[in-house]
1. Taking only pairs six or more apart or across chains, which ones have beta-carbon atoms under 6 Å, a first residue in the range 380-396 that is under 18 Å from THR211 (Cβ atoms) and among the basic types (Lys, Arg), and a second residue that is surrounded by 20 or more Cβ atoms within 10 Å (Cβ to Cβ) and at pLDDT below 95?
2. Kindly provide the set of residues from the range 224-258 that are surrounded by fewer than 19 Cβ atoms within 10 Å (Cβ to Cβ) and polar (S, T, N, Q), ordered by number.
3. Only residues that are of a type in the set (S, T, N, Q) and either under 19 Å from VAL95 (Cβ atoms) or surrounded by fewer than 19 Cβ atoms within 10 Å (Cβ to Cβ) (or both): list them for the range 177-212, please.
4. Taking GLY214 as the residue in question, decide whether it is more than 12 Å from the ligand (Cβ to nearest atom) and at positive phi.
5. Does any residue of the range 317-335 turn out to be of a type in the set (S, T, N, Q) and not assigned by TED's automatic domain parsing to the domain that holds GLN132?
6. Kindly establish whether GLU373 is touching a Lys or Arg at 6+ places or on another chain (Cβ under 9 Å), away from the ligand (no atom under 16 Å from the Cβ) and open to solvent by 10 Å² or more (accessible area, probe 1.4 Å).
7. Hey, among the residues in the range 275-298 that are within 16 Å of the ligand (Cβ to nearest atom) and in a helix (DSSP H, G or I), which one's least open to solvent (accessible area, probe 1.4 Å)?
8. Residue check: is GLY240 within 12 Å of the ligand (Cβ to nearest atom), within 28 Å of GLY289 (Cβ to Cβ) and under 22 Å from the mean Cα position of the chain (by Cα)?
Amino acid sequence: MKKKAIELLLAAAMVTTMLAGCGNGGGGDAAPSSGNEAEADADADAADDAADDAADAEADDAADDAADAEADDAADDTTDDAAAGGDMADKKVGVCIYQFSDNFMTLFRGELENYLVSQGFAKENITIVDGQNDQATQTGQIDNFIAEGVDVLIINPVNSSSAETITDKVMDAGIPLVYINREPEEDEEKRWQDNGWDVTYVGCDARQSGTFQGEMIVDLGMDKVDLNGDGKIQYIMVEGDPENVDAQYRTEFSVKALTDAGLEVDCLTDQVGNWQQAEAQQIVANALGQYGEDIEVVFCNNDSMALGALQAIEAAGRVVGTDIYLVGVDALSEALENVISGKMSGTVFNDHFAQSHSAADAAIRFINGEKNEYYIGCDYVKVTQDNAQEILDMVK
Ligand code: BGC
């Protein structure tokens, strides 16, 4: 199984990209909306690299690879010799999740716990807590883990911008730290390197997922997607948490894939749905009420919101694949079933197996006194009707 982590350009990783929004995407220029030119160039290069990586492994190949292997194989791939150096049975792991009700993080934490146990940790020594989307709550939980003297912390921050404070207190306590899913800012990651701290970040490069979303729309062809025949793609964007780089990059790079392919775009509205199905349903219902048949494409930063968008689309009597197109990210089971039946145009597999295993492996290496890279990446997989069943068989 091709689940090897890719090292994407750390130097360019975190341009402070503001939400692309309609202002940026609508003009067909999807360059980062802030940051100096050098950063913007680096950002574009990194995006190209991500797209190249993606192109290298054809979506089909990746899907085949993915489907060929059971989750166990993935575990083998990512295990390396991480656990070989020590007995984990008495080691304590503290895991902070930003919000248990998040569908993707639910998959992630379940797999993380299973994998830690498979690597020799005792279940009672793994404590996973719910930050309830409140940084103060999470900070208190981190204080408790420090007081308890855990051997390693795995943290999915509520606010990425709180990473500096979190890192400082965890380093003061002499505990190694693995951030997951919500990438801290570039300056913060640089501090880990400059100080030689035992801190790393594990996640996928969200630029790649955005690029894949846009490419799936491009691949459908203008004939199909340009329903009103005006030579432009009219779209609406439903964004996740605006503080989260995954939301920022997916918003920007989905549209960039269209403009890179030479298509003209017209952003009708761009709104924040906070990764939540219900919020997205409301946003898309309102947008359908306001823009009606003008909407050709609905981009959602994740599948939970795409499921909400689909409810609104169906309630408005519109039919995905016929008179509107809809893409998400994550490859939740329900979304995959919708891709198979044609109710969604596509999604992107956000590999919670690879990410949780890499996070656990990094934690084990720290416990064993070894070092980690400061950024541990992974690949997304494009999911269309062609490979959705294979992905579903793997994630189920
Ligand atoms: C996922 C979202 C999730 C978010 C949480 C993203 O990578 O695609 O579904 O809500 O992470 O931070």
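The values are calculated or read from the model by the stated rules, or taken from the named source; none is laboratory data. Note that the structure is predicted; figures quoted are calculated from it, not measured. Note: ideal-geometry Cβ built from the backbone for every residue, glycine included; neighbour counts use all protein chains shown. Just so you know, the surface numbers come from the protein's heavy atoms only, side chains and all, with ligands and any DNA or RNA stripped out. Shrake-Rupley method; radii C 1.70, N 1.55, O 1.52, S 1.80 Å.
1. LYS382/ALA59
2. If the condition is that a residue be surrounded by fewer than 19 Cβ atoms within 10 Å (Cβ to Cβ) and polar (S, T, N, Q), then ASN228 is the only one that fits.
3. Within the range 177-212, the subset of a type in the set (S, T, N, Q) is 181, 193, 195, 200, 208-209, 211.
Across the range 177-212, the qualifying residues are ASN181, GLN193, ASN195, THR200.
4. Working: more than 12 Å from the ligand (Cβ to nearest atom): yes; at positive phi: no.
No; evaluated as a whole, the condition is false for this residue.
5. Checked against the condition, which is being of a type in the set (S, T, N, Q) and not assigned by TED's automatic domain parsing to the domain that holds GLN132, the range 317-335 yields at least one hit.
6. Details: touching a Lys or Arg at 6+ places or on another chain (Cβ under 9 Å): no; away from the ligand (no atom under 16 Å from the Cβ): yes; open to solvent by 10 Å² or more (accessible area, probe 1.4 Å): yes.
Judged against the criteria, GLU373 is not a match.
7. ALA280
8. It is true that GLY240 is within 12 Å of the ligand (Cβ to nearest atom), within 28 Å of GLY289 (Cβ to Cβ) and under 22 Å from the mean Cα position of the chain (by Cα).
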